[in-house]
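The values are calculated or read from the model by the stated rules, or taken from the named source; none is laboratory data. Computed from a prediction, not measured in an experiment: that's the story for all the values here. Don't worry about glycine lacking a Cβ; one is built from the backbone with ideal geometry, like all the others, and counts go over all protein chains shown.
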Amino acid sequence: MYVAPSILSADFGNLQAEINAICEAGCDLIHIDVMDGHFVPNLTIGPLVVNAVAKVATKPLDIHLMVENNTFFADLFLPLKPKFLTFHIEEEKHPLRLIDHIRKHDVSPGIVLNPHTPVSSLEHIIDEVDMVLLMSVNPGFGGQSFMPLVYDKIRALRELIDRKNAKCLIEVDGGVNGLNAPELDEAGADILVAGNYIFSSNSYAEAIRAIKLEF
């Protein structure tokens, strides 16, 4: 299991120290939520802050766009060379075009599904992406409770990936913790995003190990 701490829950007054701490604690990716105040009712960070994170991070960036006008925002962040750049299928009229645009910048493209969006929407696109991010909360704010309906979505997505012989990782974001990590692993998740669970813990390393199922 790979773990991607969401810096939405970090102490932004000590952001460099927080990034250093999660990297040293054994995270695999650094999850960055970009919100525009339109697609979701919150406004977060732009490329200047993400560039500062990239300069100190020793782990790859995983940028999650929660925005309108995906191509505009993708072009802001692609020069920073994240490992993954994901966008919401609900907000994109031409997903294949954007996927190709992202890949041409040597960045791995991914698609995000809101809790209500069915896995079947990926039937003809799953083999074009490197990751699918399943939201297990309504996007826009940290600290929400996990929606159990996502377990079945993970299983359905895993079945689709296997049936299409796609090379695609499954990421889950929202309300993830050490208690639900085993069932998420059993359902077929590859990457777990956790914000509040890690950054509110007394030990980032212990919280990350719990999600990785390293007891």
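General remarks:
- The helices (runs of 4 or more DSSP H) found wholly in the range 133-215 and carrying at least 3 residues that are surrounded by fewer than 23 Cβ atoms within 10 Å (Cβ to Cβ) occupy 150-164, 181-187, 204-211.
- When residues of the range 1-17 are limited to those that are in a helix (DSSP H, G or I) and crowded, with 21+ Cβ neighbours inside 10 Å, the one modelled with the highest pLDDT: I7
- The lone exception for T58 - which of (1) β-branched (V, I, T); (2) within 15 Å of the chain's Cα centre (by Cα); (3) surrounded by fewer than 18 Cβ atoms within 10 Å (Cβ to Cβ) it fails: (2)
- Pick from the range 41-69, criterion out of contact with any Cys (no Cβ under 7 Å at 6 or more places or on another chain) and among the polar types (S, T, N, Q), ranking: farthest from V193 (Cα to Cα): N69
- Restricting attention to the range 75-90, the residues being closer than 23 Å to L192 by Cα and either without any contact (Cβ under 8 Å) to a residue 24 or more places away in the chain or surrounded by fewer than 21 Cβ atoms within 10 Å (Cβ to Cβ) (or both) number 6.
- From the options I99, I45, residue that is in contact with a strand residue (DSSP E or B) (Cβ under 8 Å, 6 or more places away or on another chain), free of Cβ contacts under 8 Å to residues at least 40 places away in the same chain and buried (at least 19 other Cβ atoms within 10 Å of the Cβ): I99
- Close pairs (6 angstrom Cβ cut-off, 6 or more residues apart or separate chains): under 14 Å from G195 (Cα atoms) in the range 11-30, in a helix (DSSP H, G or I) and of a type in the set (D, E, K, R) anywhere: D11/E18
- Any hit, the range 59-74, residues being touching a Ser or Thr at 6+ places or on another chain (Cβ under 9 Å), of a type in the set (A, V, I, L, M, F, W, C) and more than 20 Å from C168 (Cβ to Cβ): yes
- Within the option set D33, D28, being in a strand (DSSP E or B), of a type outside the set (V, I, T) and either under 19 Å from F84 (Cβ atoms) or modelled with pLDDT of 95 or more (or both) holds for one residue only, D33.
- Residue match in the range 106-117 (condition: over 17 Å from I154 (Cα atoms), at pLDDT 95 or above and assigned to a helix (DSSP H, G or I)): no
- Residue ID - nearest to the chain's Cα centre (by Cα), chosen from residues in the range 125-147 that are modelled with pLDDT under 95 and not hydrophobic (A, V, I, L, M, F, W, C): P139
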